[in-house]
Structure formats: C-alpha cells, structure tokens
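Before any comments, here is the structure.
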Amino acid sequence: MGSIQFERVFFFDIDNCLYAPDLGISPLMKQRIYAYGREIGLDENEVVKTCGQYYRDYGLSVRGLIKHHKINPAGFNEKVDGSIPLEDIIKPDPQLRTMLESIQTRRWAFTNAGIDHARRVLRCLQVEELFEGITFCNYEEPDFPCKPERESYDRAMAEAGVSDPQLCFFADDSAKNVDAARRLGWTAVLVSPQINQINDREIQTIHQLPEALPQLFR
C-alpha cells in the first residue's frame, strides 16, 4: 500500500469512476435488480418504477427492498452483484495504476456497493493492493448508510482514521455525492464523460485527476 505516511486521504468511488461507464456494468446491474424484484413478487408492470423509486428515496434500490419487502440481503448480493461477469468485462488498467501510485495521499475506496463487488472490481483493474481500505455498504447491517448521506461520509473518515475534512479528497461520478462531500469541507471532483472542460472540480475520466489536482501528484 505504501501511502500511510501521508496525512491527506483521497477517497475514490469505484463503479463508473475507476472504470468507464460505457463498459455497461450499470445496465447489467439494473437488469438483475429488476429480475430479483420480479422473483420476490413485485408486479411485472411496476418493478422498474418501484425499484427506481426506492433508489431515489433511499439512495440504493436494495435499501428499499430490505425495508419494504424484508428480503434476504445475502440472496440479493448473490443474485444481483455476484452474478455480473465483471472478470469478462473489466480489464487491468495500467494507466490507472500509475496514477494511483503517483498520488501523494493515502488511498481509500469509498463505494455504495457491497464489499464483494468492490473487491472484485479492484482486482479486475489490478489495483486492489493500492488501497488501505474500503468503506462499503454492508447489506446485512440494519439501516446501513450510503452516499450522499452524511453518516456515510462520517463513517468513511472514521474508518480511514482522518478527522479533518480539509485533509479529505474525493472523486465520484455522482454529482449528488460530490456536492455532499463539498458541503462537509472535502475537496471533491466530479468524474463524468459529459464534462466539457477539465478543471479542478470536474474531469471526464479518472485518468485526468492529475490535471485537476496537480498539487497532489509527484
């Protein structure tokens, strides 16, 4: 890992941030969520609407399914996250690895996914050992927090062992998550292919992070 000597911590989102959204992981995830919803008895004509509403209300569809349908979180994890063929889709990214190795901060993964999915993605990218730890959503935990909720960011800071928000840096593909981090005093960068001009707040791909925050790189 080799980054423990730095006080500053860079929190990296994983999905659609460390890899490009056009790999198509999100559509595969949605398909499996809808299939799971039908399996547990959601109306065929309403499953997309219901799961979408849960996502908007609770930050993650699985939180709504747990709250309102008392699903088995382990079963959801197996049939949704665990069934996506990540190893066939996500390939090692040497450019990402080089960027992560050159950043002059501690490195911490911060995701709304479960731990198994998070580790699989990092392994596929061949960067898992570069991160000191992962703050993730534990589906087994009652009322677990997720981004953009304040409690999720507080947990990430506590798990990473940092108390000063000015020492926290963050990259995420969700504008809501980035805005929440900024309100807490973190330095946060939005990663989105829709960005027209690279600056210190917005980049198109994670590989452009040194252009946004050159002061963090050697």
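A few points about this structure:
- Residue under evaluation I89, criteria (1) surrounded by fewer than 20 Cβ atoms within 10 Å (Cβ to Cβ); (2) in contact with a helix residue (DSSP H, G or I) (Cβ under 7 Å, 6 or more places away or on another chain); (3) at pLDDT 95 or above; (4) more than 21 Å from I206 (Cα to Cα), criterion not met: (4)
- Pairs with Cβ under 7 Å, 6+ apart, first in the range 21-45 and farther than 24 Å from I195 by Cα, second open to solvent by 80 Å² or more (accessible area, probe 1.4 Å) and in a loop (DSSP other than H, G, I, E, B): R38/E44
- Looking only at the range 105-134, and only at residues there that are assigned to a loop (DSSP other than H, G, I, E, B) and among the small types (G, A, S), the one that is farthest from S61 (Cα to Cα): G114
- Contacts under 8 angstrom Cβ, first residue in the range 88-107 being under 19 Å from F11 (Cβ atoms), partner of a type in the set (S, T, Y) and crowded, with 17+ Cβ neighbours inside 10 Å, 6 or more apart: D93/Y19; I103/S3; T105/S3; R106/S3; R107/S3
- Only listed residue being hydroxyl-bearing (S, T, Y), modelled with pLDDT of 95 or more and touching a Pro at 6+ places or on another chain (Cβ under 8 Å), chosen from S163, S152: S152
- Taken as a whole, the structure places A158 among residues that are more than 27 Å from I25 (Cα to Cα) and in a helix (DSSP H, G or I).
- Boolean, L65 is under 30 Å from Q208 (Cβ atoms), open to solvent by less than 50 Å² (accessible area, probe 1.4 Å) and part of a helix (DSSP H, G or I): no
- Pairs linking a residue in the range 60-82 that is closer than 13 Å to R32 by Cα to a residue that is surrounded by fewer than 15 Cβ atoms within 10 Å (Cβ to Cβ), with Cβ atoms under 8 Å and 6 or more positions apart or on different chains, are N77/D116; K79/A35; K79/E39; D81/D116; G82/D116.
- Exactly one residue out of G59, G24 is open to solvent by less than 50 Å² (accessible area, probe 1.4 Å), under 16 Å from the mean Cα position of the chain (by Cα) and more than 30 Å from P142 (Cβ to Cβ), and it is G24.
- Any hit, the range 160-170, residues being closer than 15 Å to I103 by Cβ and free of Cβ contacts under 8 Å to residues at least 60 places away in the same chain: no
- Only residues that are small (G, A, S), touching a His at 6+ places or on another chain (Cβ under 9 Å) and outside any helix (DSSP H, G or I) were counted in the range 30-62, giving 1.
- Members of the range 135-154 found to be buried (at least 18 other Cβ atoms within 10 Å of the Cβ) and either in a helix (DSSP H, G or I) or in contact (Cβ under 8 Å) with a residue 24 or more places away in the chain (or both), listed by number: T135, F136, C137, Y139, F144, C146, K147, P148, S152, Y153
- Residue check, S83 open to solvent by 40 Å² or more (accessible area, probe 1.4 Å), of a type in the set (S, T, N, Q), modelled with pLDDT of 95 or more and in contact with an Asp or Glu (Cβ under 8 Å, 6 or more places away or on another chain): no
The values are calculated or read from the model by the stated rules, or taken from the named source; none is laboratory data. In this text the structure is predicted, and so the values were computed from the model without any measurement. Every residue, glycine as well, gets a Cβ built from its backbone with ideal geometry; the counts of neighbours run over all protein chains shown. Only protein heavy atoms, including side chains, enter the accessible area calculation; ligands, DNA and RNA are left aside. Shrake-Rupley method; radii C 1.70, N 1.55, O 1.52, S 1.80 Å.
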